[in-house]
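Report on the following structure.
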Amino acid sequence: MARRRIPVKSFETNREFRDFIDEEKEWMYTRIVESIKDAYDRSLDQADVMEAKITESMSVISMKSDRSEWITSLKLALSWYESVEKYEKCAELVSLIKDIEDSDSGIFF
């Protein structure tokens with residue numbers, strides 16, 4: 001099964017990359033949630049979040065999330081969405097967390 005194309009962002013410096021991570025919380029959490037949901041829907045064991053290309057260090061950082069990390073990542077995202085009062089997103093996350101927990105424990109409704 002082919003993986004879907006993930007966002008690739010380019011940065012000049014390591015500092016620029018760190019600033020992006022610190023300043024673009026909504027984009028990052030949205031990407032994390034979307035990538036986990038997509039991987040879950042496609043029965044994958046890993047979610048591809050994004051790639052960062054950093055010119056200064058001539059490096060590429062692949063941000064991925066293994067299935068064993070999904071619930072923790074989603075709960076962190078849920079906490080952030082609660083803090084910015086995006087309650088529709090919170091409801092979506094609660095549902096996704098429950099679906100993943102139920103499927104991982106073998107409970108299907």
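Just so you know, all these numbers are worked out from the coordinates, no wet-lab data involved. The structure presented is a predicted model; accordingly, all values stated were derived computationally and were not measured. All Cβ positions, even for glycine, are placed from backbone atoms using ideal geometry, and neighbour counts span all protein chains on display.
What the table below lists for this structure:
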| item | result |
| --- | --- |
| Matching entry among Glu88, Glu101, Glu26 (being out of contact with any Phe, Trp or Tyr (no Cβ under 6 Å at 6 or more places or on another chain), part of a helix (DSSP H, G or I), in contact (Cβ under 8 Å) with a residue 12 or more places away in the chain and over 23 Å from Arg5 (Cα atoms)) | Glu101 |
| Sole residue being out of contact with any Leu (no Cβ under 8 Å at 6 or more places or on another chain), in a strand (DSSP E or B) and under 17 Å from Leu96 (Cβ atoms), chosen from Ser10, Ser65 | Ser65 |
| Among (1) under 14 Å from the mean Cα position of the chain (by Cα); (2) exposed (fewer than 14 other Cβ atoms within 10 Å of the Cβ) - the single one Pro7 does not satisfy | (2) |
| Test result for Ile21, free of Cβ contacts under 8 Å to residues at least 60 places away in the same chain, part of a helix (DSSP H, G or I) and of a type in the set (Val, Ile, Thr) | yes |
| Extreme residue, surrounded by the most Cβ atoms within 10 Å (Cβ to Cβ), among residues of the range 44-96 that are more than 25 Å from Val8 (Cα to Cα) and of a type in the set (Asp, Glu) | Glu92 |
| In the range 10-33, residue farthest from Trp70 (Cα to Cα) [restricted to those that are basic (Lys, Arg) and surrounded by 13 or more Cβ atoms within 10 Å (Cβ to Cβ)] | Lys25 |
| Yes/no for Lys75 being under 17 Å from the mean Cα position of the chain (by Cα), among the basic types (Lys, Arg) and assigned to a helix (DSSP H, G or I) | yes |
| Members of the range 34-43 that are closer than 26 Å to Glu16 by Cα and either touching a Cys at 6+ places or on another chain (Cβ under 8 Å) or buried (at least 17 other Cβ atoms within 10 Å of the Cβ) (or both) | Ser35, Ile36 |
